[in-house]
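Structure first, then comments.
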Amino acid sequence: MKLVYLDNNATTPLHPEVLEEMLPFFKEDFGNPSSLHQFGRKIRVKVDEAREKVAKMIGADPLEIVFTGGGSESDNFAIKGVASANKDKGRHIITSEIEHHAVLNTCKYLEKNGYQVTYIPVDEYGVVNPEDVAGAISEDTILITIHHSNNEIGTIQPIKEIAKIAQERGIIFHTDAVQSLGKVPLNVEDIGVNLLSISAHKLNGPKGVGACYIRKGTKRLHPLINGGNQEMKRRAGTENVAGIIGFSKACELASTFMEEERGRLISLRDKLQNALTEKISHVKLNGHPTKRLPTTLNMSFEYVEGETLMINLDLEGIAVSTGSACSSGSLEPSHVLVAMGIPHEIVHGSLRFSLGRENTEEDIDRILEVLPPVVEKVRAMSPLWED
Amino acid sequence: MGEEGLYSDKVMDHFENPRNVGKIEDADGVGTVGNPVCGDVMKLYLKIDDDTIVDAKFKTFGCGAAIATSSMITELIKGKKIEEIKQITNKTVAEALGGLPKNKLHCSVLAEEAVEAALKDYYEKRG
Ligand SMILES: Cc1ncc(COP(=O)(O)O)c(C=O)c1O
Ligand code: FES
């Protein structure tokens, strides 16, 4: 059975060329970039080159890039770093209700430690209204953190407008762009952002490495990790050299193929969306119809529960994810879909299909063959379907 | 789910091939229960003759564990006397399935409660 992986928003397979590029750093190129001898100097040059490539990907200066241990760390660093460095100025943070848990739980942690957080609601498509952000600003606001695009529904936020509001009011603005990198154009100058989080494993790079962009002139963030002088004293610890090299290669490949891939993925995604809507009754798109990542399709199949659908698909070798309460460890339904005002029973039946560079038309045809009878079978078992 | 699987083989067997799915038109007792934890629903139909469960069918809106426990409980109660099935708890069902993941134990409570609700309906109908 051919396996079909449609969970690329969770993580992506490593690109073979990325692996190639990383391998020497597990073998002969093992030096510590902080060492002054030739073993170290050679690696220092490589890490600097990697920093340039990642910077170029988002239109930044290399000195504005701090490598981290991934998207979650970048989010934590940005938010806690600003909060700690600016606590004499104010203790209020603005975010949205549908952020990734790396942002939400960081904000909740700060709430327990003397900060106030405003969680801006979203509309039915998962869009934050910039006016709501403007309205939430107070004398005490030190940070606005709103994600660039959402991992569950793919909705892209009006991030430039929000950044403009922050800029006008002189407030530091952070965006979690983990899901956007390599999928849609992302330029820090164009957005007008102070801080931006990215992660390698969402664009066919390695896991456990990411970066935080910090605009020149932003008040120095307090580091999350104290220690040596690595990363311009912003993040201590001997660098994850192979990871950083892999990350930079993944950026290079993604920027080369982005335009081409974007068109290809949108057409695959839309084919899937249209055909599912046609073949299965009572389905609903979750997320914005157009302002959406090319890779993401989230749909609810009414009267059925998502984990049941997911396991049925898994048995057929198809990997997707669901926002159903039953499938989350906490037994809470997706906070994103709930915030969009979607009733719990419809959140229950949600599936996320997320595409990546390895997906083909055959994968889409396969899911179109498998899913309709699965939904029919599960509905026949559902007490809600008959009533 | 991982290679080792979220659920036991027994659970997967009942999930993939649920026994006694459907409804009984002239049921003697019908119980509908909802699960407050995640909002799932089970509906159990019983046909009872001479204090014996002669037939049982179910419909369930829920996770893999909920479907498997629904299926298993219909197997466990069919052919049994009412007095006997009153002894069946969610633990009995979970054990018969070779165990359930910890965070899925609450799903088996749904099955136990559905039996209680269906019997209550049966007694009320009989007056
Ligand atoms: C929007 C968003 N932010 C942050 C993260 C966390 O990134 P990482 O897995 O690299 O810690 C993810 C990925 O899970 C994400 O989708
Ligand atoms: S029915 Fe929701 S977790 Fe089992």
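The values are calculated or read from the model by the stated rules, or taken from the named source; none is laboratory data. All values reported here derive from a predicted model rather than from experimental measurement. With ideal geometry, Cβ positions are generated from the backbone for all residues, glycine too; neighbour counts draw on all protein chains shown. Accessible surface is based on the protein model in full, side chains and every heavy atom, while ligands, DNA and RNA are left aside. Shrake-Rupley method; radii C 1.70, N 1.55, O 1.52, S 1.80 Å.
What the table below lists for this structure:
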item	result
Residue satisfying condition, being out of contact with any Lys or Arg (no Cβ under 7 Å at 6 or more places or on another chain), on the phi > 0 side of the Ramachandran plot, within 14 Å of chain A (Cβ to nearest Cβ) and crowded, with 18+ Cβ neighbours inside 10 Å, within set B:Gly39, B:Gly64	B:Gly39
Lone qualifier among A:Glu73, A:Glu99 - being assigned to a loop (DSSP other than H, G, I, E, B) and under 29 Å from A:Cys251 (Cα atoms)	A:Glu99
Any hit, the stretch A:105-112, residues being of a type in the set (Phe, Trp, Tyr) and either within 20 Å of the chain's Cα centre (by Cα) or within 16 Å of ligand 2 (Cβ to nearest atom) (or both)	no
Residue within the stretch B:4-18 that is surrounded by 19 or more Cβ atoms within 10 Å (Cβ to Cβ), farther than 19 Å from B:Lys104 by Cα and not small (Gly, Ala, Ser) present	no
Verdict on A:Val283 being in the same structural domain as A:Asp363 (by TED's automatic domain parsing) and over 19 Å from A:Asp7 (Cβ atoms)	yes
Selected residue (only one of B:Thr69, B:Thr89, B:Thr32 is over 23 Å from A:Val375 (Cβ atoms) and in contact (Cβ under 8 Å) with a residue 12 or more places away in the chain)	B:Thr89
The stretch A:45-82, subset open to solvent by 20 Å² or more (accessible area, probe 1.4 Å) and under 18 Å from the mean Cα position of the chain (by Cα), residue farthest from ligand 1 (Cβ to nearest atom)	A:Met57
Odd one out for A:Asn105 among (1) within 20 Å of A:Ser149 (Cα to Cα); (2) in contact (Cβ under 8 Å) with a residue 60 or more places away in the chain; (3) exposed (fewer than 15 other Cβ atoms within 10 Å of the Cβ); (4) of a type in the set (S, T, N, Q)	(2)
Criterion: in a loop (DSSP other than H, G, I, E, B), away from chain B (no Cβ under 14 Å) and away from ligand 2 (no atom under 16 Å from the Cβ) - qualifying residue of A:Lys46, A:Lys89	A:Lys89
Residue within the stretch A:164-187 that is of a type in the set (Asp, Glu) and either crowded, with 24+ Cβ neighbours inside 10 Å or touching an Asp or Glu at 6+ places or on another chain (Cβ under 7 Å) (or both) present	yes
Sole residue being of a type in the set (Asp, Glu), in the same structural domain as A:Glu152 (by TED's automatic domain parsing) and either within 16 Å of ligand 2 (Cβ to nearest atom) or under 14 Å from A:Ser197 (Cβ atoms) (or both), chosen from A:Glu52, A:Glu99	A:Glu99
Helices (runs of 4 or more DSSP H) contained entirely in the stretch A:325-387, each with at least 3 residues that are without any contact (Cβ under 8 Å) to a residue 12 or more places away in the chain and surrounded by fewer than 22 Cβ atoms within 10 Å (Cβ to Cβ)	A:361-380
Of all residues in the stretch B:50-61 being among the charged types (D, E, K, R) and more than 14 Å from chain A (Cβ to nearest Cβ), the one that is farthest from ligand 2 (Cβ to nearest atom)	B:Asp50
Subset of the stretch A:157-192 [aliphatic (A, V, I, L, M) and either under 11 Å from the mean Cα position of the chain (by Cα) or within 12 Å of ligand 1 (Cβ to nearest atom) (or both)]	A:Ala177, A:Val178, A:Leu181
